[in-house]
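Reviewing the structure listed below.
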């Protein structure tokens, strides 16, 4: 099976050539196959979030290549990257990152609206998705009216909106108590069984238990995985 | 996109309202002041139509449009010469005298002497009367009063009025609100020269034989009579349009400045708004919004704000211009033309575009990762 995502010699250096130069990633080679559930472990500052941003097309490597289904995306323009994100990538963040002025339903609709899908169709799909994460009763609630676990489930529904190839989660349980965190982990396991590919940056051992592969990263290098 | 924009600007209602209000003030100023200068333009055009195809001859020192009030005037010999000038069909002499002076306000009215046989040349389409009859005999001691004067002094047709210790009979009251007929008293030329002891004329209208050659006739008159100024309608129109242009530049300048200040308010608001929403903009980008999407989004928001201000400003400005006409009892004509209305709205939209562009561009260029991390 071909790789869904592949990185070759990816380096990320901030403030290159300046006195405050910071090397975050050194020669990262990574292969992610469809249907995997990968966890990335590492101390803070190890560069694990940066990897996620680079394979999520939110950031470009300083050098090296990133391929998504064989296509080199490492030198694309901002707007070309945005198109890849909307079609292929779903993000889940530690801070949930819902838009506070929008209801749960509208938050899930957002990626579809950005995609140009009409209101009626995106509404229908958003309701479906929210029901699938057991938030069918919370459609018109604003984020401030939802619990942490509920917000994260809205965020997962949003990540699924455009049927992405991969869902990238950055500490998805980091802001949740252990019980709620477990629910979110179970939801991700279920989605993975449904065929969704996951790459999860986490400290949470309970996620790692279910991972198909674990990657350890330290000082910008992969140590195992 | 518009529903999202509306949602965003309604989140900070007070700020949106105040920003729109800033735009409103500018657009109101443009509409109100613009309509006044349009009104002056319309008024001057009406006046020009009245003058018709005649040449106005004045003594040079009396000069220009403010005719005949200086010492130097047209003598009867010069009038005869004008009459026999080649290409001249008729000469209509006029005399002027200033009526009572009201302190602080200037002359209350102007007395004009015109030969009854020629009175239609003075006012072009003939004198329009509210009541009574037109002047008939050149030596009759009779007057036509402007409506306002008759009202103020409680005079009616048949009453008498004293000029230079002579009794004049009021034979007609002029229709109010007609150009050239307000603030004047008209009496027969002969009677006026008699009573005021005049032997020269303040100005004369020259009617050409061929209206098509009016320009060259005016030039010939100026060439032949060194101390005459001969102005055709075209020249008067030019002078008038210069005056209108000056007024227009001045009023629109003031209005424009206030509108630009409103536009800066929009920029300020939008910058603040995107600073507060940095994180959200990052999220939008993460879920796939392109730079262009964000740019359009922010521009839509700023244009909605300025269009609201512009639309309300148009209404308020129109009300202002209408009340001005009402308060001045029709004396100040102000016209909100469709072009002015459209211009004001387009200007509001441009303010939104220019005021919103810098913040929108800044928002579009935000690095999604940094924006998401922003607390």
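The values are calculated or read from the model by the stated rules, or taken from the named source; none is laboratory data. Since this is a predicted model, take the numbers as computed values, not measurements. Heads up, the Cβs are rebuilt from the backbone with ideal geometry, glycines too, and the neighbour counts pull from every protein chain shown.
Checked against the criterion of being in contact with a helix residue (DSSP H, G or I) (Cβ under 9 Å, 6 or more places away or on another chain), surrounded by 14 or more Cβ atoms within 10 Å (Cβ to Cβ) and under 30 Å from residue A:165 (Cβ atoms), the candidates B:271, B:221, B:281 yield just one match: B:281. Would you confirm whether any residue within segment A:117-125 is surrounded by fewer than 22 Cβ atoms within 10 Å (Cβ to Cβ), under 19 Å from the mean Cα position of the chain (by Cα) and over 25 Å from residue A:59 (Cα atoms)? No: segment A:117-125 contains no residue that is surrounded by fewer than 22 Cβ atoms within 10 Å (Cβ to Cβ), under 19 Å from the mean Cα position of the chain (by Cα) and over 25 Å from residue A:59 (Cα atoms). Of the residues making up segment A:47-56, not a single one is outside any helix (DSSP H, G or I), exposed (fewer than 14 other Cβ atoms within 10 Å of the Cβ), within 14 Å of chain B (Cβ to nearest Cβ) and within 19 Å of the chain's Cα centre (by Cα).
Just to be sure, is residue A:28 modelled with pLDDT of 90 or more, away from every other protein chain (no Cβ under 14 Å) and surrounded by 22 or more Cβ atoms within 10 Å (Cβ to Cβ)? Taking the combined requirement at face value, the residue satisfies it.
Of the listed requirements (1) within 16 Å of residue A:142 (Cα to Cα); (2) facing chain B (nearest Cβ under 10 Å); (3) crowded, with 18+ Cβ neighbours inside 10 Å; (4) over 18 Å from the mean Cα position of the chain (by Cα), residue A:101 misses just one: (3). Residue count for segment A:57-82 satisfying the condition of being at the interface with another protein chain (Cβ under 7 Å from one of its Cβ atoms) and under 16 Å from residue B:293 (Cβ atoms): 4. Among the residues of segment B:322-336, is any surrounded by fewer than 21 Cβ atoms within 10 Å (Cβ to Cβ), on the phi > 0 side of the Ramachandran plot, away from every other protein chain (no Cβ under 14 Å) and touching a residue at least 24 places away in the same chain (Cβ under 8 Å)? Taking every residue of segment B:322-336 in turn, at least one turns out to be surrounded by fewer than 21 Cβ atoms within 10 Å (Cβ to Cβ), on the phi > 0 side of the Ramachandran plot, away from every other protein chain (no Cβ under 14 Å) and touching a residue at least 24 places away in the same chain (Cβ under 8 Å).
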